[in-house]
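Written below as structure tokens is the structure these notes are about.
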Amino acid sequence: MSAPKLPGKYVREEELKFMPGIVEYVPKARYSFSAGQALSKFLEGLREGRIFGKKCPSCGRVLVPPRVYCEFCFTPTGEWVEVPGTGRVETAVVSYIGTMRERLEKPIIIGVVRLDAPGYREDSFDHAGLIHRLCNVTEDDVKSGRVIGMRVKPRWRKDREGSILDIECFEPEGV
Ligand SMILES: [Zn+2]
């Protein structure tokens, strides 16, 4: 079955560009973003190669990334605490797709790193942590499950600007 032939003139795609009323416009959307009290200090710390969290005075957890209140206790968080940045891999994936959805020749490995921070129960799903790239970890480490529980530390970039990417990746301790 074919589409019925309707009266009128069919318009080709390239003809549309020359029709009256069609305007092409690339908006210059400029904006600034405030990271907020807690995240600003966190980002400034990253620029210095340090990782800061905020301690909840009620339950004692050190929240990393820091938040201004503890979502468990509904309490404003208090003192700043520097954590060593070491931790262990909770889970990881091998990705063949980049951040711009491009296909990657060499896959990247992304993991959830449970950071060493005071106040958390080891058997709890609640923890201080970051999602980041893992270096010096092979696809086989991920596919075999060897990466789970692996002790890791941050690898810092030399030129830091106050971004989560100031940490190039997390790599196994002892590398
Ligand atoms: Zn709390």
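Only one residue in Gly98, Gly78, Gly53, Gly49 is on the phi > 0 side of the Ramachandran plot and small (Gly, Ala, Ser). Which one?
Numbers: Gly98 fails: on the phi > 0 side of the Ramachandran plot; Gly78 fails: on the phi > 0 side of the Ramachandran plot; Gly53 fails: on the phi > 0 side of the Ramachandran plot.
The unique qualifying residue is Gly49.
Among the residues of the range 70-86, write down those that are surrounded by 15 or more Cβ atoms within 10 Å (Cβ to Cβ) and within 13 Å of the ligand (Cβ to nearest atom).
Residues of the range 70-86 that are surrounded by 15 or more Cβ atoms within 10 Å (Cβ to Cβ), as a first pass: 70, 77, 80-81, 83, 85-86.
Scanning the range 70-86 gives Cys70, Thr77.
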If we ask which residues in the range 56-66 are near the ligand (Cβ under 9 Å from one of its atoms) and either over 15 Å from Gly129 (Cβ atoms) or part of a loop (DSSP other than H, G, I, E, B) (or both), their number turns out to be 6
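Which residues, counting only those in the range 104-130, are assigned to a strand (DSSP E or B) and either closer than 16 Å to Met150 by Cα or of a type in the set (Phe, Trp, Tyr) (or both)? Can you show your working first?
If we filter the range 104-130 for residues that are assigned to a strand (DSSP E or B), which is where we start, we get 104-115, 129-130.
Within the range 104-130, Ile109, Ile110, Gly111, Val112, Val113, Arg114, Leu115, Gly129, Leu130 meet the criteria.
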Selection over the range 160-175 where residues are surrounded by 14 or more Cβ atoms within 10 Å (Cβ to Cβ) and of a type outside the set (A, V, I, L, M) yields a count of 8
Log entry, pairs with first residue in the range 43-61 being within 15 Å of Glu79 (Cβ to Cβ), second being basic (Lys, Arg) and part of a helix (DSSP H, G or I), beta carbons closer than 8 Å, six or more apart or on different chains, reads Phe52/Lys41
Of those in the range 131-175 that are out of contact with any Lys or Arg (no Cβ under 9 Å at 6 or more places or on another chain) and touching a residue at least 60 places away in the same chain (Cβ under 8 Å), the residue nearest to Glu90 (Cα to Cα) is Lys153
Among Val113, Val137, Val89, Val93, the single one that is more than 30 Å from Cys73 (Cα to Cα) and surrounded by 18 or more Cβ atoms within 10 Å (Cβ to Cβ) is Val137
Of the residues in the range 1-47, those that are surrounded by 10 or more Cβ atoms within 10 Å (Cβ to Cβ) and in a helix (DSSP H, G or I) come to Glu15, Gln37, Ala38, Leu39, Ser40, Lys41, Phe42, Leu43, Glu44, Gly45, Leu46, Arg47
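Read-outs: derived from the displayed coordinates by stated rules, not from any lab. Small disclaimer: the values here were computed from a predicted structure and weren't measured. As a convention, Cβ positions derive from the backbone with ideal geometry for all residues, glycine included, and neighbour counts pool all protein chains shown.
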